[in-house]
Amino acid sequence: MTKTVNHWIGGKTAEGTSGQYGPVTDPATGAVTTRVALASAEEVDAAVAAAKDAYATWGTSSLAQRTAVLFRYRALLDARRDDIAALITAEHGKVHSDALGEVARGLEIVELACGITTQLKGELSTQVSSRVDVSSIRQPLGVVAGITPFNFPAMVPMWMFPLAVACGNTFVLKPSEKDPSAANLLAELASEAGLPDGVLNVVHGDKVAVDALLAHPDVAAVSFVGSTPVARYIHATASANGKRVQALGGAKNHMLVLPDADLDAAADAAVSAAYGSAGERCMAISAVVAVGAIGDELVAKIRERAEKITIGPGDDPASEMGPLITAAHRDKVASYVTGAAAQGAEVVLDGTGYTVEGFEDGHWIGLSLLDKVSTDSDAYRDEIFGPVLCVLRVDTYEEGVALMNASPFGNGTAIFTRDGGAARRFQLEVEAGMVGVNVPIPVPVGYHSFGGWKDSLFGDHHIYGNDGVHFYTRGKVVTTRWPDPADAPAGVDLGFPRNH
């Protein structure tokens, strides 16, 4: 019998009432292991109402109270990180080490939230005019919502709600319905840490739930991570409804390899960045741009390493790469490989048709490597979101940067070189929000902010770091003038009782 994942509203499990359920599969076996309740608009209303009620007290709670909860929450997450990772592996399919890494990166933001006291300090200017002072403060927004993707079912929610609640907001999370269990465990542990009922709520669902959040008059802001078409829709719809929005979209991340680069290091980086988490991450390197005569050697080194990657169930310690999230997604990823040769690419490695013995019904695909890919091919233009690496050839650094900057995406990028001057020029000239120098996946640490440019971000704020704090608060400036007590006609009356 399959288990049921219900909502978490007002500090307790809330059984779904819509009558609608979605299947959750084990990607390694293809078997449906769980059903998840899909919320109606009325159930979203209930979650928002719980958050609104909680905000009446949480929004005015002391910083000491909030950080005490967050410190306890951090300890509980640390103690249960294996359990969280196991849920991720069971429903997403990524190997256990990748899942643990995801939890660790989420914990960074919890730790940032534990130090929110320094982030929320205001500013004061005295004597801007005679007896006039001006202060700037930041206050919470109210009820905020997060809509998160399947590929990081713990980390991306943890990029949002810890900072949001630390700033004094209450939160409604709508995680991916493909792997929902981790979100519920995160909410349960927050409650165990002492987070008051209704401060963090989880509603599962599909577009019905999303649209209800985007239109709800009591939701002040929406955070989103997902594909570019959906990010554009989220941004347009929520903005039209008067909400603050940060919507992070898709990517086509490039890695420029100059002729002077350490090719072994570059090949190692390309393999880990392209095929880690089966390529299902918005910071995956999906296009390597080889400059000059190094292309053949670099491709050979990438192939040599890729052929040694062990693919298998995520809970097998020997596995280095797991299956894809669904069979439909596996088939779509495979279509880019099967159609590559007809569009001019050289198929160096073809991972389609791959199966794992004993797990034949799993959502398997092997590693694919496409060389001499053209910029007008489908495999280059689209975000494949799978273990497919494209190699493009250019003659010069300038040609490579121009190729990269012509992409509509601008999430992350990297350069591999021994030349500091070239690296410095690259980081200034490339049009992307995150840049790695001899670092293949330049995901910023928690106290910096994560976000791209162009079609990879809709809205003005990046996620977490200083941008995250600013997104979940709004500024207020107070100008104050008090008369000097010495000027009072009867002198100073401090209200003390008179002794006779």
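Among the protein heavy atoms, those of LYS332 account for about 120 Å² of accessible surface (1.4 Å probe, every chain in place). Note the listed values (i) 23.1, 78; (ii) 23.1, 66; (iii) 25.4, 104, then indicate which one is Rg and Dmax of the Cα atoms in Å calculated from this particular structure. Computed from these coordinates, Rg and Dmax of the Cα atoms in Å corresponds to label (iii). Bridge orientation summary for region 74-199: considering DSSP beta bridges with both residues in this region, about 45 percent are antiparallel. For TRP453, the residues whose modelled amide H falls within less than 5 Å of its own, excluding neighbours fewer than 5 places apart on the same chain, are GLY410, ASN411, GLY433. Here the simple spin-label model places points 7 Å from the Cα toward Cβ, and for ASP78 and SER61 these points are separated by 2.1 nm. The DSSP beta bridges internal to the chain are antiparallel in roughly 40% of cases. The protection proxy used here, the mean number of other Cβ atoms lying within 10 Å of each residue, ranks peptides 155-163, 87-95 as follows, highest first: 155-163, 87-95. Please work out the C-alpha center-to-center distance from region 252-308 to region 32-61 and express it in whole Å. Their Cα centres are 43 Å away from one another. Placing a label point 7 Å from the Cα of GLU297 along the Cα-to-Cβ line, the residues of region 382-415 whose backbone N sits under 19 Å from it are 391-397, 415. When only alpha carbons are used to place a centre, region 123-173 and region 450-491 end up 10 Å from one another. For region 317-473, the share of DSSP beta bridges that are antiparallel, to the nearest 5, is 45%. Each helix, a run of at least 4 DSSP H residues, gives -39500 (n - 2.57); summed and divided by the residues of the chain, these come to -11000 deg cm²/dmol at 222 nm. Think of the chain as a dipole: +1 on every Lys or Arg Cβ, -1 on every Asp or Glu Cβ, centred on the Cα centre; then among PHE359, ILE116, SER136, SER136 lies furthest on the positive end.
Can you bin region 1-91 into rounded, prolate or oblate? Criterion: square roots of the alpha carbon gyration tensor eigenvalues sorted a ≥ b ≥ c, rounded for a/c under 1.5, prolate for a/b above b/c, oblate for the rest.
Because a/c hits 1.5 or more and a/b fails to exceed b/c, region 1-91 counts as oblate.
Shape verdict for region 184-277, please, from the Cα gyration tensor: rounded (a/c under 1.5), prolate (a/b greater than b/c) or oblate. Cα axes put region 184-277 in the oblate bin. Under the shape rule built on the C-alpha gyration tensor, where the axes satisfy a ≥ b ≥ c, region 264-378 is oblate, since a/c reaches at least 1.5 while a/b does not exceed b/c.
The values are calculated or read from the model by the stated rules, or taken from the named source; none is laboratory data. Predicted, not measured: the structure shown is a model, and the values here were computed from it. A quick note on method: Cβ atoms are made from the backbone with ideal geometry, for glycine too, and the neighbour counts reach across all protein chains shown. When the accessible area is computed, the model is the full protein with side chains, heavy atoms only, and any ligands, DNA or RNA have been set aside. Shrake-Rupley method; radii C 1.70, N 1.55, O 1.52, S 1.80 Å.
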